[in-house]
Ligand code: ADE
């Protein structure tokens, strides 16, 4: 998976994209991150990337020319495929979630445009971006952190990036449910014991416990998610015992 980032703040990507999962995946060649400075696509001495809004009011707007030139240069040089999505990070975009991460993980390559200031010229949305994504209903100083969130969530779904396929498949949300509680040694810590079933070595019983606790946690914290989940007869029985849908 190749990511192209268009940003005014290249330095923001250095730490987060070099550590942990992302750093390891990059060193192993499973993903690559190409950061492009939008100012490199300006032509005036001051490398201007923003201007006043025609509508007046506070703040500045990102000019269209450097962004169009950046994407077109990448496409013409073959660095970015003709059909690869160009995603604008903006609070006005489609809400990012695990399903969207799964959709994006099927692509070979993504370009991510990080907006700053009050926003980007509307012609960027209309004629350059193929998609717009928001990571949540709050306003960040720019799209950089949002782009990193998208990259990390998508990269975890790329084959080989996380330890085992099973560990990604069991994530909260992949199953449509929140993840069950996790325990490690010691089995008793300050008098608080891990559930006996987890120490029993009975794989089928452990799997049933995990499923039941996933259901319990989802019911307690995000009951809205249960609507989208396929439930077995046993799931329904447990949920009834927990007071759901009775
Ligand atoms: N830029 C500013 N806020 C954002 C958000 N919530 N999601 C994506 N990009 C943004």
Exercise. Under a point spin-label approximation (7 Å from Cα along Cα-to-Cβ), what is the residue 92-residue 202 distance to one decimal in nm?
Worked result: 5.8
Seminar exercise, completed: Taking Rh as the Kirkwood radius computed over alpha-carbon pairs of the chain and applying Stokes-Einstein at 37 °C with viscosity 0.692 mPa s, one gets a diffusion coefficient in µm² s⁻¹ of 157
Problem set entry | Helix 64-76 vs. the chain, principal-axis angle (Cα, 0 to 90°, nearest 10) | 70
Exercise. Looking at the chain, what % of its DSSP beta bridges pair antiparallel, to the nearest 5?
Worked result: 15
For this session: Starting with the highest mean, order 77-88, 140-151 by the number of other Cβ atoms within 10 Å, averaged over the residues of each peptide.
Result: 140-151, 77-88
Exercise. What is the Cα centroid distance between region 183-246 and region 12-29, reported in whole angstrom?
Worked result: 34
For this session: Rounded to the nearest 500, what is the 222 nm mean residue ellipticity of the chain from helices alone, with -39500 (n - 2.57) per DSSP H run of 4+ residues and division by all residues?
Result: -10000 deg cm²/dmol
Exercise. Cα-Cα pairs above 17 Å in region 170-241: how many percent?
Worked result: 47
Problem set entry | Most to least packed among 106-116, 198-208 [average Cβ atoms within 10 Å] | 106-116, 198-208
For this session: Would you mind checking region 1-21 for residues with the amide N under 16 Å from a putative spin-label position 7 Å along Cα→C-beta of residue 47?
Result: 6-13
For this session: Would you kindly calculate the mean projected area, averaged across all directions, of the convex hull enclosing the Cα atoms of region 119-246, in square nanometres?
Result: 12.6
Exercise. Calculated FRET efficiency, residue 34 and residue 9, Cβ-Cβ r, R0 22 Å, to nearest 0.05?
Worked result: 0.90
Problem set entry | Value of relative contact order over region 2-155, rounded to a whole percent, pairs C-alpha under 8 Å and six or more apart | 29
For this session: Report Rg/Rh for region 35-174, rounded to two decimals, where Rg is the Cα radius of gyration and Rh the Kirkwood radius.
Result: 1.01
Exercise. Based on the Cβ-Cβ distance from residue 69 to residue 145, what FRET efficiency comes out when R0 is 22 Å, to the nearest 0.05?
Worked result: 0.35
For this session: Please give the length that would be gained between residue 242 and residue 182 if that part of the chain were fully extended, namely 0.36 nm times their separation in residues minus their C-alpha to C-alpha distance (nm, one decimal).
Result: 19.6 nm
For this session: Compute the acute angle (0 to 90°) between the alpha-carbon long axis of helix 203-221 and the principal axis of greatest extent of the alpha-carbon atoms of the chain; round to the nearest 10°.
Result: 60
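Values quoted throughout were computed directly from the atomic coordinates according to the rules given, and no laboratory measurement underlies them. Source: prediction; values computed, not measured. Note: ideal-geometry Cβ built from the backbone for every residue, glycine included; neighbour counts use all protein chains shown.
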